[in-house]
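Heads up, the thing below is written out as structure tokens.
The values are calculated or read from the model by the stated rules, or taken from the named source; none is laboratory data. Predicted model only: the values in this text are computed from it and were never measured. All Cβ positions, glycine included, derive from the backbone under ideal geometry; neighbour counts span all protein chains shown. Note: areas computed on protein heavy atoms with side chains; ligands, DNA, RNA excluded. Shrake-Rupley method; radii C 1.70, N 1.55, O 1.52, S 1.80 Å.
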Amino acid sequence: MMGALRAATGVVAAAPRRIRWTQEEPAAGEWMARTVGGATVEPAELARWYTEGASGAVPAYQRVKELVERQIRDGHWQEDDALPSESQFVEALGLSRMTVNRALRELAADGLIRRVMGVGSFVAERKASSALLEVHNIADEVHGRGHRYSARVLSLGEEEADERTGAHLGLGKGRPVFRSQVVHYEDEVPLQLEDRYVNPAFAPGYLEQDFTLQTPFAFLSKVAPLGRGEHIVEAVLASPEECAILDVGPAEPCLLIQRRTWSRDALVSIARLLHPGTRYRLEGAFATH
């Protein structure tokens, strides 16, 4: 028996609103129309989307993936919207369940949708992203996505460098270094835990800054303009304290970026940037010649 989708009840506003969906079991043979962003999607329309730009050389499962990707990219299906069920795809497109299942599994693996056992498939929340081969201000990244940035300073002060930090900064063990620990938020959700060491010679006034108003990166870019940077990226599990700060579970993978930045030929700062893996990704592009 095929599942159907029905909008949750609520007051209808004058402007279009996001609709969340629950699945029901209708009468046998019934295909209930699905509404997304104010538009009703009938089986015939779903079939039309499937045939748009179709090529016999493209496998059927790939065409289903492209259909879903296109609807998400064009904004017809938005975050948390429910997709038609496997049975509805099968009936509307005339495909096997195995073909549709493969398409949905691969879309979930790509992070475009999330599948909830016994409930259905939904458009996934888009992860925050950063350029892998560039160094940007995280506040600018958040604002660029149209979201609200905020920060919380955990600590800011001077301390003696341990052997590893002193060696990285070229100062030696026991020399004074500046250290800041800041949590960066996107729409009130923790996005990054930044733990940064700074060479005091290149950042006068660092300890007097309010890093809820500007990021450490923004300040350092003014007093010691970036000449080059280095990234080391790892998948790690956060410590219990870090899990509490980032609001993640102990088994949730995190993305760790260890960054070093130079101004001219001098190493100015080293930073440990920890992100929840479900909320962040790195992107990069390259060309061969």
Sole exception among (1) part of a loop (DSSP other than H, G, I, E, B); (2) open to solvent by less than 40 Å² (accessible area, probe 1.4 Å) for Glu79, by number: (2)
Test: residue in the range 248-255 that is open to solvent by 50 Å² or more (accessible area, probe 1.4 Å), at pLDDT 95 or above and among the hydrophobic types (A, V, I, L, M, F, W, C): no
All positions within the range 204-247 that are of a type in the set (D, E, K, R) and open to solvent by less than 80 Å² (accessible area, probe 1.4 Å): Asp210, Glu230, Glu234, Glu242
Ala124 vs. criteria closer than 27 Å to Val233 by Cβ and either in contact (Cβ under 8 Å) with a residue 24 or more places away in the chain or open to solvent by less than 30 Å² (accessible area, probe 1.4 Å) (or both): yes
Some residue of the range 153-161 being of a type in the set (Ser, Thr, Tyr) and in a strand (DSSP E or B): yes
Restricting the range 268-284 to residues that are of a type in the set (A, V, I, L, M, F, W, C) and modelled with pLDDT of 75 or more, the residue that is farthest from Glu234 (Cα to Cα): Val268
Any hit, the range 174-182, residues being out of contact with any Pro (no Cβ under 7 Å at 6 or more places or on another chain) and surrounded by fewer than 17 Cβ atoms within 10 Å (Cβ to Cβ): yes
Residue count, the range 162-173 (criterion: without any contact (Cβ under 8 Å) to a residue 12 or more places away in the chain and not in a loop (DSSP other than H, G, I, E, B)): 4
Hey, Gln88 part of a loop (DSSP other than H, G, I, E, B) and either without any contact (Cβ under 8 Å) to a residue 24 or more places away in the chain or closer than 19 Å to Val116 by Cα (or both) or not: no
Residue match in the range 243-251 (condition: touching a residue at least 12 places away in the same chain (Cβ under 8 Å), acidic (Asp, Glu), part of a strand (DSSP E or B) and touching a strand residue (DSSP E or B) at 6+ places or on another chain (Cβ under 9 Å)): no
